[in-house]
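Derivation of every value follows stated rules applied to the coordinates shown; laboratory data play no part. All values reported here derive from a predicted model rather than from experimental measurement. Note that each Cβ is placed from the backbone with ideal geometry, even for glycine, and that neighbours are counted across all protein chains shown.
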Amino acid sequence: MAGELWLIDTNVILRWIQPEDRQFAVARSAIGKLEQIGSIPCYTSQNLGEFWNALTRPLSRNGYGATPQEAGRRAETIESRFRLLPDDLAVHFRWRRLLVDYEVSGVQVHDARLVAAMIVHGVGRILTFNARDFARFIGIDAIHPADLDRIQ
């Protein structure tokens, strides 16, 4: 797995950067293992937007209640440790095709956008707490952080 690109889902990034989260340890361990074996954790602008949204949303609305300044500092950590998979026209057109080919609707359009970025940038695996959300996409291997030890 050395040199292999992995997309890190927003739900893992949020827990990786929040020591008070109950799943912090498993997220931290999984990303640490990827880095230890030479894999390259990646993110997209969408991940960063979702991260910022959840981090700055009030606690009363299922967020973390952070200030934009705190979100900015934590985003810098992500940007310094993970590789950005940039958006471009190829990602857009692949995403549009996935929406039709897989009959995607509702909130799953966001997952399809991540998959489009993965396909365009040659990323075959995503580390996510919601592996089931990616099961429909052929060629995408969604791995729960707790299951990372079971893959080769």
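Points worth noting:
- Taking the Cα centre of the chain as origin and assigning +1 to Lys and Arg Cβ atoms and -1 to Asp and Glu Cβ atoms, the resulting dipole is close to 140 debye.
- Normalised convex hull volume, segment 1-59, alpha-carbon set, Å³ per residue: 64 Å³
- Normalised contact order of segment 1-51, rounded percent, pairs of Cα under 8 Å and 6 or more residues apart: 52 percent
- Rg and Dmax of segment 75-146, both derived from C-alpha coordinates alone, stand at 12.5, 36 Å.
- Placed amide H near LEU84: partners under 5 Å, 5+ positions off or other chain: TYR43
- Modelled label positions at LEU5 and LEU89, each set 7 Å beyond Cα in the direction of Cβ, lie 1.9 nm from each other.
- Listed values for segment 51-59 are Karplus-derived 3J(HN,Hα) couplings in whole Hz (6.51 cos²θ - 1.76 cosθ + 1.60, θ = phi - 60°), namely 4, 4, 4, 5, 5, 8, 5, x, 4, and x replaces Gly and Pro.
- Rounded to the nearest 20, the Cβ-based charge dipole of segment 57-139 about its Cα centre (Lys and Arg +1, Asp and Glu -1) stands at 140 debye.
- Rg to Rh quotient for segment 1-101, alpha carbon positions, Kirkwood Rh: 1.01
- Most mobile of VAL109, VAL100, VAL12 in a GNM of the chain (Cα contacts under 10 Å): VAL100
- Derived scalar couplings ³J(HN,Hα) [segment 68-83; Karplus, 6.51 cos²θ - 1.76 cosθ + 1.60; whole Hz; x for Gly, Pro]: x, 5, 5, 4, x, 5, 6, 4, 4, 5, 4, 5, 7, 9, 10, 8
- Amide H within-cut-off set for ALA142, under 5 Å, with H built and near neighbours excluded: ILE126
- Choice from LEU98, LEU48, LEU85 showing the highest fluctuation, given a GNM over the chain with Cα pairs closer than 10 Å: LEU98
- Residues with amide H under 5 Å from that of ILE40, placed H, sequence gap 5 or more: GLY3, GLU4, LEU5, TRP6
- Per-residue ellipticity at 222 nm from helix content only, as computed over the chain with -39500 (n - 2.57) for each DSSP H run of at least four residues, stands at -15000 deg cm²/dmol.
- Note: relative contact order over the chain, using C-alpha pairs below 8 Å and six or more positions apart, is 26 percent.
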